[in-house]
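*Asks:* Please read through the structure below; I'll follow up with questions.
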There are 2 protein chains.
Amino acid sequence: MEDLKLNMEAFLPLRDVVFHTLRDAILKGELEPGERLMEIHLANKLGVSRTPIREAIRMLEKEGLAVTIPRRGAQVARMTEKDLEDVLEIRDALDGLAVECACRRMTEETFDKLKDAMNAFLAAVESGDVRTIVEADESFHNVIYEAADNPKLGNIISNLKEQMYRFRYEYVKNDLDYTRLVEEHSQIMDGLKRQDVAYVKEIMHTHLDNQIEAVKELIRKQSEGSRS
Amino acid sequence: MEDLKLNMEAFLPLRDVVFHTLRDAILKGELEPGERLMEIHLANKLGVSRTPIREAIRMLEKEGLAVTIPRRGAQVARMTEKDLEDVLEIRDALDGLAVECACRRMTEETFDKLKDAMNAFLAAVESGDVRTIVEADESFHNVIYEAADNPKLGNIISNLKEQMYRFRYEYVKNDLDYTRLVEEHSQIMDGLKRQDVAYVKEIMHTHLDNQIEAVKELIRKQSEGSRS
DNA sequence: AAAATGTTCTTTGTATACAAAGCTTAGTGC
DNA sequence: GCACTAAGCTTTGTATACAAAGAACATTTT
């Protein structure tokens with residue numbers, strides 16, 4: 001934990017600002033797994049009192065990013081490879097559901113949005129900039145979640161993604177085969193257009209699967225490092 | 001909201017006691033959807049200060065049971081029929097996943113536990129007491145979640161169940177056809193034993209499906225009532 | 001009578017104070 | 001030297017105090 005800073009711009013209750021600040025810090029790895037979240041310490045660091053810190057911690061807890069033991073305080077949640085596998089297993093099922101729902105509920109409008117997202121993705125791949133590609137990829141999938149028209153599903157999936165983000169898995173995407181990604185995306189679009197649920201689920205499954213091994217590989221390397 | 005009472009027995013931080021108290025009250029309908037959760041009010045009612053109340057509210061929020069608007073306070077989350085459908089859709093997918101995992105990971109021991117749970121369920125049905133039957137049914141499914149060996153999955157499912165509980169859907173179970181339930185349970189066991197993933201998923205799907213319509217029916221009736 | 005304004009009351013947001021639990025460490029006895 | 005105990009320190013748990021936002025209501029103005 002080096003230099004946490006609050007973003008005071010936002011006109012939100014401090015608990016929310018603190019929550020976002022800490023969450024980002026955890027996801028970026030600035031706060032390491034197992035690291036203690038001491039209230040006074042964080043309060044001083046962020047220039048607020050303990051009250052909003054405590055509320056933020058309760059939120060992090062429920063989000064699965066912190067673990068607290070009564071009378072002993074909170075820690076950044078640790079995550080093992082098994083935990084990651086568990087998360088991926090669930091994501092696989094839920095991404096399947098999302099694309100299935102999207103398939104059944106896709107409207108003209110949302111399909112247009114998807115086309116736009118697809119074009120943006122193609123442009124991003126063209127540009128070659130990894131950051132842009134990753135963002136365009138996210139957008140593409142977000143359109144699908146939106147089309148699935150099940151907000152709770154969207155929330156759960158984004159929470160699961162968040163938990164993966166902690167492994168900085170997007171770095172892996174450097175090594176990804178973009179042509180393949182493009183191909184899969186267009187297959188998904190195709191399936192959605194034809195409303196072929198089985199097909200689209202299948203593609204989505206392999207689409208995710210392709211990334212899993214690489215991520216796991218990365219985890220294994222990472223876990224050789226930090227231990228506390 | 002009539003008579004909230006804290007259970008001071010448990011040696012837990014007050015925030016947790018308050019959290020459980022409020023959660024139960026919400027699930028039982030003692031705190032109605034849309035009802036304001038006013039801090040001082042609750043604090044007086046429960047005989048604690050605002051601090052643990054606020055922390056409990058932050059937790060309820062993340063659990064989806066309360067919604068807060070900054071500077072305006074928290075309310076018990078409302079739930080529409082659409083929300084319920086969304087939840088059920090997800091549960092269906094995740095129960096499918098759970099049973100699939102269980103199928104692949106079932107050991108001798110856990111299968112024995114399942115047998116026990118099945119026998120308990122049969123005994124419960126024999127007894128005819130609805131409360132007992134519901135509990136035995138829960139236990140049976142809990143063994144499966146356990147066997148799935150994916151704790152995060154278990155958490156998500158229990159959160160989803162919680163959200164359904166608010167509709168007091170278990171009352172519906174009065175009308176359920178227990179012979180059918182028993183039949184389905186034994187089919188699930190059979191499938192698990194044979195490790196027939198496809199079969200077991202299919203059964204689990206219909207198992208859930210059978211309950212959905214009845215629940216929705218109930219919701220429709222309920223929603224004619226309370227409005228605020 | 002309706003709209004606008006101002007005043008008061010209520011309620012949330014945040015900080016702080018104090019109590020009690022748990023750790024640490026130094027000291028004591030064996 | 002090792003185990004045990006006691007004192008002090010650190011940190012969490014809870015209550016309370018105060019500030020400021022928002023709601024409600026009355027008053028004025030048109």
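*Asks:* Return a yes/no flag: does segment B:65-84 have any residue that is more than 27 Å from A:Pro13 (Cβ to Cβ), part of a helix (DSSP H, G or I) and in contact (Cβ under 8 Å) with a residue 60 or more places away in the chain.
*Replies:* Checked against the condition, which is being more than 27 Å from A:Pro13 (Cβ to Cβ), part of a helix (DSSP H, G or I) and in contact (Cβ under 8 Å) with a residue 60 or more places away in the chain, segment B:65-84 yields at least one hit.
*Asks:* Separate question: Go through segment B:21-41 and give me each residue that's part of a helix (DSSP H, G or I), in contact with a helix residue (DSSP H, G or I) (Cβ under 9 Å, 6 or more places away or on another chain), more than 14 Å from chain A (Cβ to nearest Cβ) and surrounded by 16 or more Cβ atoms within 10 Å (Cβ to Cβ).
*Replies:* Result: B:Thr21, B:Ile26, B:Leu27.
*Asks:* If you don't mind, another one. Answer with yes or no whether B:Leu42 is within 17 Å of the chain's Cα centre (by Cα) and either within 14 Å of DNA strand C (Cβ to nearest atom) or more than 28 Å from A:Gly96 (Cα to Cα) (or both).
*Replies:* Criteria not met by B:Leu42.
*Asks:* Can we say B:Ala102 is part of a helix (DSSP H, G or I) and surrounded by 17 or more Cβ atoms within 10 Å (Cβ to Cβ)?
*Replies:* Taking the combined requirement at face value, the residue satisfies it.
*Asks:* Would a scan of segment B:118-132 turn up a residue that is within 29 Å of B:Asp83 (Cα to Cα) and either of a type outside the set (S, T, N, Q) or touching a Lys or Arg at 6+ places or on another chain (Cβ under 6 Å) (or both)?
*Replies:* The answer is yes; a qualifying residue exists.
*Asks:* Of the residues A:Asp116, A:Asp137, A:Asp112, which is surrounded by 21 or more Cβ atoms within 10 Å (Cβ to Cβ) and among the charged types (D, E, K, R)?
*Replies:* A:Asp137
*Asks:* Can you give me the number of residues within segment B:42-80 that are more than 23 Å from A:Asn159 (Cβ to Cβ), away from chain A (no Cβ under 14 Å) and touching a helix residue (DSSP H, G or I) at 6+ places or on another chain (Cβ under 9 Å)?
*Replies:* Matching residues across segment B:42-80 total 4.
*Asks:* With respect to A:Ile90, determine if the residue is crowded, with 17+ Cβ neighbours inside 10 Å, closer than 16 Å to A:Asn159 by Cα and not assigned by TED's automatic domain parsing to the domain that holds A:Phe167.
*Replies:* For A:Ile90, the condition - crowded, with 17+ Cβ neighbours inside 10 Å, closer than 16 Å to A:Asn159 by Cα and not assigned by TED's automatic domain parsing to the domain that holds A:Phe167 - is not met.
The values are calculated or read from the model by the stated rules, or taken from the named source; none is laboratory data. Source: prediction; values computed, not measured. So basically every Cβ, Gly included, is an ideal-geometry build from the backbone, and we count neighbours across all protein chains shown.
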